[in-house]
Amino acid sequence: MVGSEAKSITRFDELKVGDRITVEHLVQVGSQKWKTATTGTVVRTERAHHGLHFHRAVDEKTYSDVILLELPDGELSSITVDEFTVIRRAD
């Protein structure tokens, strides 16, 4: 990453309600995948606890970081953040 590009990236734990951001992420439906960017205002961030589809160790906890965005048209969209997601402050 180029120096100026690295500075524009925001970490999940730095987000605050009301921040305007662009999230670049990978969408997968079945075997199809595509990259997309979603721009909106942060309504809420949360670390969601969830179960897995098969039984594992009782004390194993699984979490996902989720951003709830309000899009410009008022629609709400939730985005699950993974290691490939890029979050940038929008102008």
What list of ³J(HN,Hα) values in whole Hz, one per residue of the stretch 24-38 in order, does the Karplus curve 6.51 cos²θ - 1.76 cosθ + 1.60 (θ = phi - 60°) give from phi, with Gly and Pro shown as x? 9, 8, 9, 10, 10, 10, x, 8, 8, 9, 7, 8, 8, 10, 10
Got a sec to turn the phi values of the stretch 74-91 into Karplus ³J(HN,Hα) couplings, 6.51 cos²θ - 1.76 cosθ + 1.60 with θ = phi - 60°, whole Hz, x for Gly and Pro? x, 5, 9, 9, 9, 10, 8, 8, 10, 5, 9, 6, 10, 10, 10, 6, 8, 8
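Would you mind calculating the gained length between residue 12 and residue 84 on full extension (0.36 nm times residue separation, minus the Cα-Cα distance), in nm to one decimal? Walk me through the numbers on the way to the answer.
On the way: separation 72, 0.36 × 72 = 25.92 nm, distance 1.24 nm.
So the chain would gain 24.7 nm between residue 12 and residue 84.
Hey, can you rank 73-84, 16-27 by average C-beta count inside 10 Å, highest first?
Values: 73-84: 10.8, 16-27: 13.9.
The most tightly packed comes first, giving 16-27, 73-84.
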Long-range HN-HN contacts of residue 9 with modeled amide H, under 5 Å: none
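Values quoted throughout were computed directly from the atomic coordinates according to the rules given, and no laboratory measurement underlies them. For clarity, every value in this text was computed on a predicted model and none was experimentally measured. Because the Cβ atoms are built from the backbone with ideal geometry, glycine has one as well, and the counts that use them run over all protein chains shown.
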